[in-house]
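Just below is one structure, and these are the notes that go with it.
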Amino acid sequence: MTCGRTKAEAIVIDVLAPASVEGCLKDLKTPLNNPREATTKAHTPFFSVASDASNHGTTKLFPLSVRYWAPDLGVQTKVLDFYDDSDKTSAAIHNQIVTKLKENGLGLDMISAYSADNAGVNYGRYNSVFQKLKEDNKDILKANCVAHIVHNSAKHSGDQLNIDIENVVNKTFSHFSSSAKHVEELKSIHTFVGEEYQSLLRHVPTRWLSLWPAVKRLHDSWAPIKSYFLSLGEEQCPKSLWRLFNDDQDGEGNPLELQVYLSFLSNALKIFHDTVLVLEREDGTVCSNYQKKVASLALQKSPFNFSHLCEAVEVLQLSKKLDMDALYDEYCVVLPRQQAIVQSGAPVVEKWATLLKHTNTPNLTAVASFFLSVPITNASVERVFSLMTGCWTNTRNRCSVELIKSEIQVKSNFTFSCKDFFTYVVKEKALLNAARSSKKYKFKKKLEDAGEKV
């Protein structure tokens, strides 16, 4: 089967993307029993929803992702939708979230948390998206983006310095990014001083992990960069940079103020950078940063007793959704295994999977499903924008939002390697038949529908 542009687009939009979402919905509608069989007594997984907004030209785009956990699946993060909407008010965002969930058959009562950046439209005290979701589900938690807070801490601390380091980084980058001649001149200076040339990096204020690499690259290339701008002279060098590079103090080779700040920030910002990287990990859990009464569920130092479990259930507002008597019986079932699992040193997610696999503990599994579904950052939707940038390149600038959405869903929701994906597709006869069928083409669907009506 060969693929031209139209066929490839049709397969991605009408076959692969729907299949990737269908797998997610199947997980969310399958009871948390082991084996995972349909039973009215079992709980389905709780899930959190995450949303964000970004621009592509004049188009406002919103990803919608879900995070959930089950013992045999681990933590899963899937892109449920990606849509454009010119209305970015809290009412519009809330309406879209509710509509998308209902279209996919997901109940609002199973939402554990709402995750977004810390903008007022998302978490404002009045009339925010979170407050509107609370009206639909009063037990929903506020999953503020901790990485965003760490990023803002570094940013606002930098604002107290005598030099605007973000402006220096971006001004320096822009000087070379638009001129091949400037780059060649800088390369020749690198060669003269015996250093390997490395291109400067751009800092994007809304991207958490871009400042430290940009500062470090500028710091590591300090000698050639300084020599280059001084060689330009006052007339050709940007004035804001000339004042910094020409301030040679007493002329005795003492470090410039800018050099000192770059040296300090290349070390200090590394701490913030590494912290954000840890927070962005997909297996991060809420146990360590939500409330002390939930910390015992991290299974880090000692097994939790039933009173700890009850406290966590109250904090998470789950008591009305669980059978507390059955929960005690289930706690007694897993109690003999707790000590060995605590001492295993495995991540929290793996410990709970080991504890609950091959057990008939629907209530305890529901508790784990709830708190392990709560994210500590909204990195999942931030990654969507990175994928969007990779898909919507200058050479593919006429792609529709629907195609970009489908590509993002395929890349995010299918976690196979190329080899494993081939094996998966070969076994999925329905998927192959759909790809071969002419019904994947929208214009043929319309013709067939019109023919049936006639």
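Throughout, read-outs are computed from the coordinates displayed, never taken from laboratory work. All values derive from a computational prediction rather than experimental measurement. Cβ sites come from the backbone with ideal geometry, for glycine too, and all protein chains shown count toward neighbours.
Charge tally for THR275 (other residues, Cβ to Cβ under 15 Å; Lys, Arg +1; Asp, Glu -1): +1.
So if I place +1 on the C-beta of Lys and Arg and -1 on the C-beta of Asp and Glu, and nothing else carries charge, what would the dipole magnitude of region 43-192 be about its Cα centre? I want it in debye, nearest 20. Rounded to the nearest 20 debye, it is 120 debye.
Here the gap between VAL204 and VAL315, fully extended at 0.36 nm per residue and compared with their Cα-Cα distance, gives a gain of 36.2 nm.
The number of Lys pairs in region 152-279 with C-alpha atoms less than 21 Å apart, excluding pairs fewer than 8 positions apart on the same chain, is 15. Considering the dipole of region 22-137 built from charges on the beta carbon (Lys and Arg +1, Asp and Glu -1) around the Cα centre, which of TYR114, ILE97, PRO63 is farthest to its positive end? Farthest along the dipole direction, towards plus: TYR114.
The packing ranking of peptides 54-60, 379-385, highest mean first, is 379-385, 54-60, where packing means the average number of other beta carbon atoms within 10 angstrom of each residue. Taking trypsin sites (Lys or Arg not before Pro) across region 172-205, the ones in a DSSP loop with at most 16 further Cβ atoms lying within 10 angstrom of their Cβ are ARG202. Charges were assigned to the Cβ only: +1 to each Lys and Arg, -1 to each Asp and Glu. The resulting dipole of the chain about its Cα centre is roughly 1620 debye.
Starting from the exponent 0.38 and prefactor 2.2 Å, build the expected Rg for the chain from its residue count and divide its actual Cα Rg by it.
Normalised by 2.2 N^0.38 Å, the Cα Rg of the chain equals 1.18.
From the cross-link list LYS100/LYS134; LYS142/LYS411; LYS102/LYS321; LYS78/LYS132; LYS78/LYS351, which pairs have alpha carbons spaced over 25 Å apart? LYS142/LYS411, as the Cα separations exceed 25 Å there.
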